[in-house]
Amino acid sequence: LKAAPKESILCGTTAFSGFGSPNLEYWNKDLTASANILKGDKAICAAIKDNIHHILYSLANSAAVNGTNNTTHRVQLASTWRKIYWSLEGIFGATTGLLAVGWVALEVLDVIRKKEEV
């Protein structure tokens, strides 16, 4: 099934993972044309405004902004388990790369040996 963005927004959908058809009348790559179409549709404009209100209300009343204000400085911290995960990911990635290079080298040597035997 493909999403119908206009109908979805009119019914209150606020989060989409994508629309089904790139040839939709309301949303296309020409933003000016899309904006002009939307200007004439009061129902969709009101629904978009309500949906934005709901999204911002949910965000403002969630734990996502607890203790934040205009002087808040955000610092990205990496927990111990995340550092361990990144380290293991690097080790396994490097090991996989080395094994792939070794395998290719062995295959090349095998081809060279077979040519020398003939």
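Quick notes on this structure:
- Candidates L56, L77, filtered to the one that is modelled with pLDDT under 95, within 30 Å of K6 (Cβ to Cβ) and of a type outside the set (F, W, Y): L56
- Number of the condition not met by R82 [criteria: (1) more than 35 Å from the chain's Cα centre (by Cα); (2) surrounded by 10 or more Cβ atoms within 10 Å (Cβ to Cβ)]: (1)
- Flag if D30 is out of contact with any helix residue (DSSP H, G or I) (no Cβ under 7 Å at 6 or more places or on another chain) and at pLDDT 80 or above: no
- The number of residues in region 35-49 that are part of a helix (DSSP H, G or I) and farther than 18 Å from A4 by Cβ comes to 5.
- Note on region 55-96: residues that are within 30 Å of T13 (Cβ to Cβ) and either touching a residue at least 12 places away in the same chain (Cβ under 8 Å) or among the acidic types (D, E) (or both) total 1.
- Candidates K49, K39 - the one that is under 27 Å from the mean Cα position of the chain (by Cα), under 24 Å from S8 (Cβ atoms) and basic (K, R): K49
The values are calculated or read from the model by the stated rules, or taken from the named source; none is laboratory data. All figures in this text were calculated on a predicted structure; none of them were measured in a lab. Cβ atoms come from the backbone with ideal geometry, glycine included; neighbour counts cover every protein chain shown.
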